[in-house]
Each structure stands twice: as C-alpha cells, then as structure tokens.
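Working notes, beginning with the structure itself.
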Amino acid sequence: MEIREKDRELLTLNTHLGLYQPTRLMYGVSSAPAIFQREISQLLGDIPGVSVFLDDIKVTAPDDESHLRRLRMILKKLDDHGLRLNVAKCEFFADRIEYCGFVIDREGIRKMKTKMDAIQEMPRPRNREQVRAFVGLINYYGRFMKNLSSRIYPINNLLKENVPFLWNDDCDKAFCWVKNEIQSDSVLVHYDPKHPLVLATDASPYGVGAVLSHLYPDGTERPIHYASQTLNISQQNYIQVDKEAYAIIFGVKKFYQYIYGRKFILVTDNKAVTQILAPHKGLPAFSALRMQHYAVFLESFDYEIRFRPSKENANADAMSRLPIHDSNNLHRIEEVDLVEVNQIATLPVTAEDLAKCTKDDSSVENLIQGLKFGRTVEGRDRFGINQCKFSIQKGCLMRGIRVYIPPKLRRPVLEELHLGHFGISRMKSLARSYCWWETVDCDIEKLAKDCCECARVQKNPTKVSTHCWEKATEPFQRIHVDFAGPFQGL
C-alpha cells in the first residue's frame, strides 16, 4: 500500500546508512491493520460467502460449483489489484477449519480443544502454595459456578494450618469438577469483537500463564482462552522482572490472532514492567537487552498496560503456578540469550570464572539477590544506576549488553584492552562495548599513564616560557630549597 509523498517523512527510519523514508505501509505502524482491513473488506466485500480478517480470507458455498465460482472471483480481484497468495498457506475444499479459537464446519461453530488445554492438562497441586493459587483461580470465576463452596470444600480444607497436606480421592473429584466447570459454557465464552479484550499474564519461578478474557459492561471478565507454559532451565534463571515480561510476550504471541489490529488491555502484577513496557514511554538506551527486544516487539500492538495486585490477578497466577509441560520449549534459546552469551565469550575470561567471582563479590551480592527475587535494592547497592538496566546471564551480571567484571578478573581484561597500546579514548570506547565496572574509566587512565611503551610515543608536554625570579627587596623574602648529595656518604 503506497504512502502519500507528503506523509513519508512521518515514517522516517534512522539506519546505519542514514535516514530512510519508506514508500509502502510498514509492519508495526499502529494504524496499519485498520487501514488494510478497510481496503481488503472493500475489495472482497461484494462477493457472497466471503469473510475477511486482515490477511485471512475464508470462503464457503452451499455446493462445489458455487464454491469454485466464488473462488475464481476472489482470485481475479486479487490478481487485478496486484495481490499474491502463498500457496503453501492456502487450504482448498477443507471439511473444517480452525480459526480464532473456533472449529468451523458444516455443523456450525464450536470451541477448539486447544483453548482449554491449559485447564484440561493442568497438573494437580503438590503443595499448599499451588493449592492456594488454584483456589484463587476458582474464586476469580466463582460467580459463574453453582454450589462452589460445598463442591471444593476438600481442596479448601487443605489450606488449614492444623490439617496435613494429603491429596485424597475427594480432592481429586473436586479438582476434576472445577476443571470441567471452567471449560463449560457457563464460564468460557466465544470471542466477540464488540467487547473489550483483557490479556492477563503472570510468571512464577517455574512457569508463565496467560488468560484472554472479554470485559463486559457489568465489570465481569469471562475467559476466552487459557494458556500456560513451563519455563526451561535457561528461562528459570531469568530475573523476576524478565520472567514477568516474558509472560507478556508469551501471551501476546499465543493470542496473536485475537489481539493484532485492535486495542486491548494488558494486565500484569509487576509494577516495574508496567513502567518499562508502557507503550508511550521511551526505554533507556542502556536498558537490559532482553527488555529492549521485548519492547520493540510490542510496538506492533495497540495496548494499554495496567497494574493489578497479585491477589486480584489470580486467574493468570494459577496458570503460571500450575503450567502444562511444553516439550517444544525445553531447549529453546531466545535470540537475546545468544547475544549475551556471545558477548561474554569475547572476553579473555570464561563464563564459569566470571560467574564464580561474581558470586564471591560482596559489592554486588545485594544487587544479584534483588534481581533474582524481584526486589528493588538501595541506590548504593546498584552503583546509583537504575535497576532495570541490569540482568543476569549464566550467573554473570550484565549492564545492558556489557558484562560486569568482578575485581579478581579486572587485570586480565585491562591487559586485553591495552594489548595494542591504544590510547585512552580508544580503550574506553572498546570497554563500553563489552565490559563494565564502576571505576573502569579511572583504571584505564591509570594503566595507560603507567605504561612505558605508551609514554615513549606520547606527545611531549607543552613548552612553557622560562620564569625569571624577581629580585628580593628584603632578606628572607623568598627561600629556595633543593636536594644535594650524596654528602659524606649519605
């Protein structure tokens, strides 16, 4: 879709080759989905039996002859307007299709089984914390379930202090009843473009969860789709704020077909994430690389982010604490992790040595604990730098894409920076691309000034004019002192 010449400057991109003005509508412009939807609807809207949502075209007919006729009309219109289809993504003469959480066939529209996988395959709670999370999910949708208190009494009973944790048959029956009720029509609803969308996400130490819901005029939320995922070993080592941000990315990717092209409400129980990923706030240049990556991805969506305390975010909290096992995520490595691992590998010390020395470094102990458990530490424990700029990768502390070097390993890193006897400015520039510690600039300056090789080639001091002492006008007006010797063997 061509852009008017006078509007192209509004989409100017700053690239390494200079400024670039696109001539076609780009992916990521917030108004692009609505503009494309309007154009494609006008293009194919007069053909009967056709439904279009963004780049998805669905066509049906009462018989094969009518179906082929309509299909030819669609293909001709697309060809006349220079549009092309990807044959590999097309399905012709399908008996049923799955779309936006629905199964559509000759018998009508039904809910997809995958919408309920996170509930159907939810593992039973193994401790009181997981029971408490599950009860929170039940109470969140309790108004839609009849005789709830009596039905879940065996599960609620496990939360009493004087009752030992013993999951019996009664608990299992109550657990199965709740799962069936949450999947029933009394709780789960169909997607309706007329109602606002709410995407609630949460992260636990071992899983992430997301629930897509409709917000109704009476203030109630009814779920459309549930999703959860077990974190792999690498993701479990993320700091808490990164886990919460990853939960948002997981939910957005999972429910992409529902939310792309329309505004939705994004809910999280982490206040820091609401500030970092707010759509109308810029991200600091040296923010943790993962956050920058997530923020750029979310720029393609139209959302309003809101903070909701953990007690009120029970539906997503239960999904994260009782996640289903996802074998596809076991060995998955995010692009950001690869960048950070490669950044560590460029240093003259190993990641294992860095992790060990960082663990023994008392000056960053409080900062690392704060990052791991989502606590904000005092300014003196984070070098007066915003905490969101730090992250942890394989036990190593990162500031943006730069690796924190503990005191024991700074000497080999400095020697590596000084290997070619570069000047102070060049060494500082190299350091800012790979490593960081609080006194790095001062240490580089001291190293260069103490180097004999650098001293031989540096410029001579600026010559100053000879100073002649003024004549004294009285005795002892001025005293000159100098060393003499050796004198009498001393």
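The values are calculated or read from the model by the stated rules, or taken from the named source; none is laboratory data. Because the structure is predicted, anything quoted here is derived from the model rather than measured. All Cβ positions, glycine included, derive from the backbone under ideal geometry; neighbour counts span all protein chains shown. Calculation scope for accessible area: heavy atoms of the full protein, side chains included, ligands and nucleic acids excluded. Shrake-Rupley method; radii C 1.70, N 1.55, O 1.52, S 1.80 Å.
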*Residues being surrounded by 10 or more Cβ atoms within 10 Å (Cβ to Cβ) and part of a helix (DSSP H, G or I): count how many of those fall in the stretch 454-490.*
2
*Determine which member of the set LYS263, LYS254, LYS271 is farther than 28 Å from PHE144 by Cβ, modelled with pLDDT of 85 or more and open to solvent by 20 Å² or more (accessible area, probe 1.4 Å).*
LYS271
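Pick from ASP202, ASP192: which is at negative phi, open to solvent by 10 Å² or more (accessible area, probe 1.4 Å) and not in a helix (DSSP H, G or I)?
Working: ASP202 fails: open to solvent by 10 Å² or more (accessible area, probe 1.4 Å).
Testing whether each residue is at negative phi, open to solvent by 10 Å² or more (accessible area, probe 1.4 Å) and not in a helix (DSSP H, G or I) leaves just ASP192.
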*Return the residue satisfying two criteria in turn: it lies in the stretch 301-322 and is at pLDDT 85 or above and either acidic (Asp, Glu) or assigned to a loop (DSSP other than H, G, I, E, B) (or both), and of such residues it is least open to solvent (accessible area, probe 1.4 Å).*
ASN313
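I'd like the residue in the stretch 76-99 that is hydrophobic (A, V, I, L, M, F, W, C) and either closer than 20 Å to MET1 by Cβ or touching a Leu at 6+ places or on another chain (Cβ under 7 Å) (or both) and, out of all such residues, is least open to solvent (accessible area, probe 1.4 Å).
Initial filter on the stretch 76-99 (hydrophobic (A, V, I, L, M, F, W, C)): 78, 83, 85, 87-88, 90, 92-94, 97.
In the following step, the residues that additionally are either closer than 20 Å to MET1 by Cβ or touching a Leu at 6+ places or on another chain (Cβ under 7 Å) (or both) were identified as 78, 83, 85.
Working: LEU78: 7, LEU83: 66, LEU85: 91 Å².
Ranking the candidates gives LEU78 first.
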*Give the stretch 212-251 a look and list any residue that's farther than 20 Å from ALA118 by Cα, open to solvent by 50 Å² or more (accessible area, probe 1.4 Å) and polar (S, T, N, Q), or say none.*
ASN237
*Restricting attention to the stretch 45-75, which residues are touching a residue at least 12 places away in the same chain (Cβ under 8 Å), open to solvent by 30 Å² or more (accessible area, probe 1.4 Å) and among the hydroxyl-bearing types (Ser, Thr, Tyr)?*
none
*Give the stretch 406-447 a look and list any residue that's of a type in the set (Val, Ile, Thr) and open to solvent by 50 Å² or more (accessible area, probe 1.4 Å), or say none.*
ILE424, THR439
_Just the residues that are closer than 23 Å to GLU416 by Cα, modelled with pLDDT under 90, of a type in the set (Val, Ile, Thr) and open to solvent by less than 50 Å² (accessible area, probe 1.4 Å), please, taken from the stretch 347-392._
VAL349
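Touching a Lys or Arg at 6+ places or on another chain (Cβ under 9 Å) and not in a helix (DSSP H, G or I) - does that describe any residue in the stretch 85-96? Walk me through how you get there before you give the answer.
Keep residues of the stretch 85-96 that are touching a Lys or Arg at 6+ places or on another chain (Cβ under 9 Å), which gives 95-96.
Right, trim to not in a helix (DSSP H, G or I) and you get 95-96.
Yes: the stretch 85-96 contains one or more residues that are touching a Lys or Arg at 6+ places or on another chain (Cβ under 9 Å) and not in a helix (DSSP H, G or I).
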*Only residues that are over 35 Å from the mean Cα position of the chain (by Cα), free of Cβ contacts under 8 Å to residues at least 12 places away in the same chain and open to solvent by less than 90 Å² (accessible area, probe 1.4 Å): list them for the stretch 161-180, please.*
VAL163
*Are there any pairs, at least 6 apart or on different chains, whose C-beta atoms fall under 9 Å, with the first in the stretch 214-228 and among the basic types (Lys, Arg) and the second open to solvent by 10 Å² or more (accessible area, probe 1.4 Å), and if so, which?*
ARG222/PHE144; ARG222/VAL189; ARG222/HIS195; ARG222/LEU215; ARG222/TYR216
*All but one of (1) on the phi > 0 side of the Ramachandran plot; (2) in contact with a Gly (Cβ under 6 Å, 6 or more places away or on another chain) hold for GLY28; which doesn't?*
(2)
*asked:* Any residue that is in contact (Cβ under 8 Å) with a residue 60 or more places away in the chain, assigned to a loop (DSSP other than H, G, I, E, B) and open to solvent by 60 Å² or more (accessible area, probe 1.4 Å) - is there at least one of those in the stretch 21-44?
replied: yes
_Residue under evaluation ALA88, criteria (1) closer than 23 Å to VAL103 by Cα; (2) in contact with a strand residue (DSSP E or B) (Cβ under 8 Å, 6 or more places away or on another chain), criterion not met_ = (2)
*Return a yes/no flag: does the stretch 138-160 have any residue that is of a type outside the set (Asp, Glu), outside any helix (DSSP H, G or I), open to solvent by 20 Å² or more (accessible area, probe 1.4 Å) and at pLDDT 80 or above.*
yes
_For the structure I just gave you, tell me whether LEU419 is assigned to a helix (DSSP H, G or I) and either of a type in the set (A, V, I, L, M) or farther than 24 Å from TYR294 by Cβ (or both)._
no
*Please give the number of the condition GLY400 fails out of (1) open to solvent by 20 Å² or more (accessible area, probe 1.4 Å); (2) under 23 Å from LYS281 (Cβ atoms); (3) within 19 Å of the chain's Cα centre (by Cα).*
(1)
*Quick check, is SER228 in contact with a His (Cβ under 9 Å, 6 or more places away or on another chain), part of a strand (DSSP E or B) and hydroxyl-bearing (Ser, Thr, Tyr)?*
no
